[in-house]
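Right, one structure below, let's go through it.
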Amino acid sequence: MKPYLFNAALLFIASQSLASELVYSPVNPSFGGNPINGTYLLGNAQSQNKHTSGTTSSSQRSSLDRFNDSLQSRLLSQLLADIGEGGQNSGMLSTDDFIVQIEQGSGGLNIISTDKNTGESTSITVDGLIAD
């Protein structure tokens, strides 16, 4: 009987054990790892957010302001296109906010933009645009 028990114990120890690997899943939802905790984490993040949005109704531009800016841009574009096509070689555009003067220089074009409110001006020289 003793050899029988010994053989049974030996077979039991040597047999293949059936087990799975250990998997850790955190219990604390703030630790993350589980997509179900997404709303909890988002709620915590939003409650800690101190940033306020800078867009208010007073900072939004009216459609008239947007139209005026678009019109000014179109006029400047047309003025520069006329000069580039060999039409007139100088010109001036005056709006409520600025004055743009375009003059033919020595072998190039001088563009002077002046802010009416501050008097500040910017000069741009483009060489090789006008054929001599």
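What follows draws every value from the coordinates through simple rules; no lab data is involved. Nothing here was measured: the structure is a model prediction, and the numbers come from that model. All Cβ positions, even for glycine, are placed from backbone atoms using ideal geometry, and neighbour counts span all protein chains on display.
The label point for N28 and the one for A9, both projected 7 Å from the Cα toward the Cβ, are 4.7 nm apart. Under 5 Å between amide hydrogens, which residues at least 5 positions from G105 or on another chain qualify, with H placed 1.01 Å from N in the peptide plane? Placed amide hydrogens put N110 under 5 Å from G105. Between V126 and S70, the simple label model (points 7 Å from Cα in the Cβ direction) yields a spacing of 2.4 nm.
Each residue of the stretch 24-29 was assigned a 3J(HN,Hα) from its phi angle through the Karplus curve 6.51 cos²θ - 1.76 cosθ + 1.60 (θ = phi - 60°); the sequence is 8, 10, x, 8, 6, x Hz, with glycine and proline shown as x. Applied to the stretch 112-121, the Karplus parametrisation 6.51 cos²θ - 1.76 cosθ + 1.60 on θ = phi - 60° returns per-residue 3J(HN,Hα) values of 10, 10, 10, 7, 5, 6, 9, x, 6, 10 Hz, with x for Gly and Pro. Neighbour counts of C-beta atoms inside 10 Å place L79, L64 in the sequence L64, L79, starting with the fewest.
What whole-number volume per residue, in cubic angstrom, does the convex hull of the C-alpha atoms of the stretch 64-127 give? Each step should come with its number before you reach the end.
Numbers: hull volume 5.0 nm³, N = 64.
Per residue, the Cα convex hull of the stretch 64-127 comes to 78 Å³.
Counting beta carbons within 10 Å around each of V23, V126 and listing the fewest first gives the order V23, V126.
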